[in-house]
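What follows draws every value from the coordinates through simple rules; no lab data is involved. Every value quoted in this text rests on a predicted model; they were computed, and no experiment measured them. Because the Cβ atoms are built from the backbone with ideal geometry, glycine has one as well, and the counts that use them run over all protein chains shown.
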Amino acid sequence: METGRIIWFGGFNRKLQKINDYGFITLEETDIDRDIYVKRREIPEDLQILLEGEKGRGVYVCFDLEEDFKGSKAINVKLKTYTGVVVSFLWKTGKIATKSDVFFHFESSEPLSFGDYVCCGLCHTSEYDKKEAINVKKIPRDDEYEEIFNICVNSNDSEIATPFIQNLYKEFFQIVSNFNNSDYPYAQHLQEDWGKLYKEVRDNEDDKQLIKKWEAAIETNEFKYAQMVSARGAEKLVIKFSCAFGYQVEDISIHQITEQSSDWKLGDIRLDQKTLLDVKNSRFTVNSKDSKAYSEFCVPEFKHKRTNKDKKEKEVYIVGVLSPYLQKQFIDGEEKLKGVENPKIIGVFYQRLLEELKNIIGKTNRLKIDLSRLGNSNSYLPHWLFDYGDIFYEKQIEIVNHFKDFKTKLSDGKIPSWEKISIVGIKPLPLFILARENLPKEWESHLPKWKLEFINSLINIPTSPKKKIISLSHLYISILKHFLQMLEENNPEYTPQGYLDILYENSQRNHPLKIYDPLQTIQSFCNTLQTLWENREKTRLTEFRIFKFRNEGILQGKKASNESWKTIIAYCGGKIKGKGKCGCSPLIFGREKSCSCGLLICPKEECQYCKQSCPFYKERKAQIEKQRLERS
Ligand SMILES: [Zn+2]
Ligand SMILES: [Zn+2]
């Protein structure tokens, strides 16, 4: 039998006013440059319908050749058929994969779906110089189905391979993508329109009395007034958020006015008649978007609650709220202001967390990371110590549990190889890490040693029985610890940017390991570490052995215990004349100049702050002032 393509067939002949009862076929892959004549009666009726007129152009057919005195003609014409598997089908158009590792587009009004086994014809369209499938019909599966499926799974063309791999490991990919796409049902309650929130405070008599009690000067001091309204607004935001969580919520703070109890000395809000919350409000200046990641929360002293029952000290949870820094006229709605970010809850801190972090740091021989000053009274808590609790992550926890079930029931073959994972492009590492599940052995050989070590360190973070989720601070400290190890090894394969590939499921970089990170703390931290890493030779940072957080959350280090501390990561605490808080951040060792006092110098020309009491800063400041006067 021969194979050929219809040039044209049948159709209406206007000249003769009748239907043509013949057509022509061109032979495929032969030297004969003649068109083959075909009579209508040589074509079965259902095929005639398919080929009639212009529709038939390019359709592949097979036939026998018959020679007579006029030349060759085609007899016993049939549609050349192929078998294939449907790759996709939507809105009546789809794609079919065939044994030859290519796929064809088609249109059909039959209801088809992925994985259907079909037979079809092919048509070469000259317009796109492409072959399309026609006359697609579902057929019962046979041995060839498996064969096509396997060819597709192993295809080098990722467009073909992806849907087949995803189908072969359907449950696995379903769980991973459910996890990667999971959202946070309570996130909508983390913030509130600032105008509405502050109006509630202004309109409430008790609230007005309360802020006056907090700060008697509010009537004369606009700055204090704005600060107090913002602080009470923050409490109201936390109350609303806790209600959304389903807690029974008591506003204890207001007891200072209503004199219902004196519990306001212990905390601001009580949940379910037992848990006390202390709300800390930190304001960021409207123009300093970058420095928000370095916001800090001052805790005058940690409040403890003594319960009558057990006489044991019970911890008070600190809730951090980040609020816009607004002047009175805006807070009071007298003047409009656009583009203000709403007050946001950034999470909860509890002192036990510092113990958890110490456990993560563990005992290393040469490296020391000292956290002790973070928990002191009057300390500033860096915002990365705050995180949302397990309830906030209920969706993620549900998927993690499902995944753990799936894994225990599973034989190893049901998890795709690293190569297949890469073809599909869905990132499973965040799920494995958050679920504390070891990676399949086969994957390990595809990851650089340092990445594997880092991943395993996260998987093995000591868990507290009450907490299922890895906190933002756990991750932050784990990254820091690992970074310092890499510095010590001076590992040339390593780059801090490489953490991002592991931690993020997509390019948006919002939720490392699906930890809700609205300030993009982790991404910004990795970028900072990258700068430190690139400057490590110049700064001889690899020789540093001892590290500590100052109580502002600033990281310092030194080479040996008898040497002086050098600031490694900081933010500027200086004030610029006539402009207020500088807030420049991050200041990075090696990129910024170090002052002889050991601190980093703010790179802003008009600031150059290190610390207030430094004599060198006083000199620089005098110089800035002199230049300023000369200019004006
Ligand atoms: Zn200095
Ligand atoms: Zn500065």
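The simple Förster model, with R0 at 51 Å and r as the Cβ-Cβ distance, assigns D272 and D157 a FRET efficiency of 0.35. Computed over the Cα atoms of the range 477-632, the ratio of the radius of gyration to the Kirkwood radius (Rg/Rh) comes to 1.02.
According to the Cα gyration tensor, what semi-axes, each the square root of 5 times an eigenvalue, does the equivalent ellipsoid of the range 2-79 have, listed from largest to smallest in whole Å?
19, 14, 12
Proximity of backbone amide H atoms, modeled 1.01 Å from N, is registered between H511 and no other residue at under 5 Å, excluding neighbours fewer than 5 places apart on the same chain. What translational diffusion coefficient, to the nearest whole µm²/s, does the range 394-484 have by Stokes-Einstein, given a Kirkwood radius computed over alpha-carbon pairs, a temperature of 25 °C and 0.890 mPa s viscosity? My calculation gives 171 µm²/s for D. Length gained on full extension, I19 to R509: 169.8 nm, using 0.36 nm per residue less the C-alpha separation.
Under Stokes-Einstein, with the Kirkwood radius over Cα pairs as Rh, the value for the range 82-168 at 37 °C and 0.692 mPa s is 257 µm²/s.
Here D101 and K137 are evaluated by their C-beta separation; at R0 = 22 Å the FRET efficiency comes out at 0.50. Percent antiparallel among DSSP beta bridges with both residues in the chain, to the nearest 5? Of all bridge pairs located within the chain, approximately 80 percent are antiparallel. Sorted from longest to shortest, the spans of the Cα atoms of the range 7-164 along the three principal axes equal 53, 33, 30 Å.
With the simple spin-label model, which puts each label point 7 Å out from Cα in the Cβ direction, the W565 to K449 separation comes to 3.5 nm.
3J(HN,Hα) along the range 52-66, derived from phi through the Karplus expression 6.51 cos²θ - 1.76 cosθ + 1.60 where θ = phi - 60°, amounts to 3, x, 5, 4, x, 4, x, 6, 7, 9, 10, 6, 9, 9, 10 Hz, with x in place of Gly and Pro. Compared with the alpha-carbon gap, the fully stretched path from K358 to Q260 is longer by 31.3 nm at 0.36 nm per residue.
Once you reduce the range 49-79 and the range 557-590 to the center of their Cα atoms, the two points are 84 Å from each other.
In plain terms, the C-alpha convex hull of the chain casts an average shadow of 45.4 nm² when viewed from every direction. Only DSSP H runs of four or more residues enter the estimate; each adds -39500 (n - 2.57), and after division by the residues of the chain the mean residue ellipticity at 222 nm equals -9500 deg cm²/dmol.
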